[in-house]
Amino acid sequence: MTHSAIVANGLRKSFGDRTVLDGIDLAVPEGTIFSLLGPNGAGKTTAVRILSTLISPDPGSGALRVGGHDLATGPQAVRAAIGVTGQFSAVDGLITGEENMLLMADLHHLPRREGRRVAAELLERFDLTEAARKPASAYSGGMRRRLDIAMTLVGSPRIIFLDEPTTGLDPRSRHTMWQIIRELVTGGVTVFLTTQYLEEADELADRIAVLHDGRIAAEGSADELKRIVPGGHVRLRFTDPAAYRGAVAALPGAAGDDEALALQIPSGGSQRELRALLDRLDSAGVEADELTVHTPDLDDVFFALTGGSDQPEEAVR
């Protein structure tokens, strides 16, 4: 039986007269990646700050448990079970990467020898050994982000909150970070991820929740979310005008583009639908030169659920 690493029931938070979280429910199974998506200002960072004990929920919120511990009665136990990598790097640029790691070891009260061992292992794991004795200010953005996560892992947390960990990174560094996140989960760690990049959630997350107007607008796997949005279709393109006309006659429900010699047929993209479409073309003696399938992606889901809203990011509190 899979246990939940994070559970939130009726989580609420307001700042003044502005309601940021309006009774959201979350359940994140152990050893999985859960991604919280939403427009700027939707409350993603607020949710992370509450669940990581940095700020308190509003009175009237339901039960909140992280790592099996109640946030209200056992905040210290929660802090011992988690690691947090925020939007802004916790790396001190005035000292070396190694010194940043040893500082974290001291904060976790590791014995000196144990702290040095853990620091050396993590620096090697994150490919930072050669740069370990250089000032962190000289690191690239990707290196600083890797060091940031390495520092988070010094205390061996079983649950990690990653709040937009790849913002500002180049594509190569972003893919490196994805691999690191996958390796963490393979090792049994639970990851709670917020991100600006829908591709990132699609690539990594076992489950995704879309936050809008303080509530969870939808939740499920990437494939489940994509199925709630209409708009999938098959596009057929022809080079022979006669073949195009034959396809138009065989597929009366298709939308035609006479100039491009192309047809667009509504479809969910399933194997059964594609086979039926090709059978109809075969029966008419028509062969398309190109067939492409378009299914809704997370961008389509996001805009359908949020209306494309983009509010100012919530204030850091």
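Applying the criterion of being over 17 Å from the mean Cα position of the chain (by Cα) and part of a loop (DSSP other than H, G, I, E, B) to the residues of the stretch 145-169, the residue that is farthest from residue 196 (Cα to Cα) is 156.
Being assigned to a loop (DSSP other than H, G, I, E, B) and outside the structural domain of residue 202 (by TED's automatic domain parsing) narrows it down to one residue among 256, 246, 268; which is it?
268
Evaluating residue 280 against the criteria (1) surrounded by 13 or more Cβ atoms within 10 Å (Cβ to Cβ); (2) within 30 Å of residue 8 (Cβ to Cβ); (3) without any contact (Cβ under 8 Å) to a residue 40 or more places away in the chain; (4) out of contact with any Lys or Arg (no Cβ under 8 Å at 6 or more places or on another chain) leaves one unmet condition, (2). Taking first residues from the stretch 217-234 that are over 16 Å from residue 303 (Cβ atoms) and partners that are among the polar types (S, T, N, Q) and assigned to a loop (DSSP other than H, G, I, E, B), the Cβ contacts under 7 Å between residues at least 6 apart in sequence or on separate chains come to 233/267; 234/267. Can residue 64 be described as in contact (Cβ under 8 Å) with a residue 12 or more places away in the chain, under 24 Å from residue 186 (Cβ atoms) and in contact with a helix residue (DSSP H, G or I) (Cβ under 8 Å, 6 or more places away or on another chain)? In short, no. Can you name the residue in the stretch 79-119 that is at pLDDT 95 or above and of a type in the set (S, T, N, Q) and, of all such residues, is surrounded by the fewest Cβ atoms within 10 Å (Cβ to Cβ)? If we take residues in the stretch 79-119 being at pLDDT 95 or above and of a type in the set (S, T, N, Q), then 96 is surrounded by the fewest Cβ atoms within 10 Å (Cβ to Cβ).
Residues 6, 55, 24: which one is buried (at least 16 other Cβ atoms within 10 Å of the Cβ), touching a Ser or Thr at 6+ places or on another chain (Cβ under 8 Å) and not charged (D, E, K, R)?
The conditions single out 6.
Look at (1) of a type outside the set (S, T, N, Q); (2) buried (at least 17 other Cβ atoms within 10 Å of the Cβ); (3) within 26 Å of residue 28 (Cα to Cα); (4) without any contact (Cβ under 8 Å) to a residue 60 or more places away in the chain and you find that residue 303 fails only one, number (2).
The values are calculated or read from the model by the stated rules, or taken from the named source; none is laboratory data. The shown structure was predicted, so the numbers you read here are calculated from the model rather than taken from an experiment. Cβ atoms come from the backbone with ideal geometry, glycine included; neighbour counts cover every protein chain shown.
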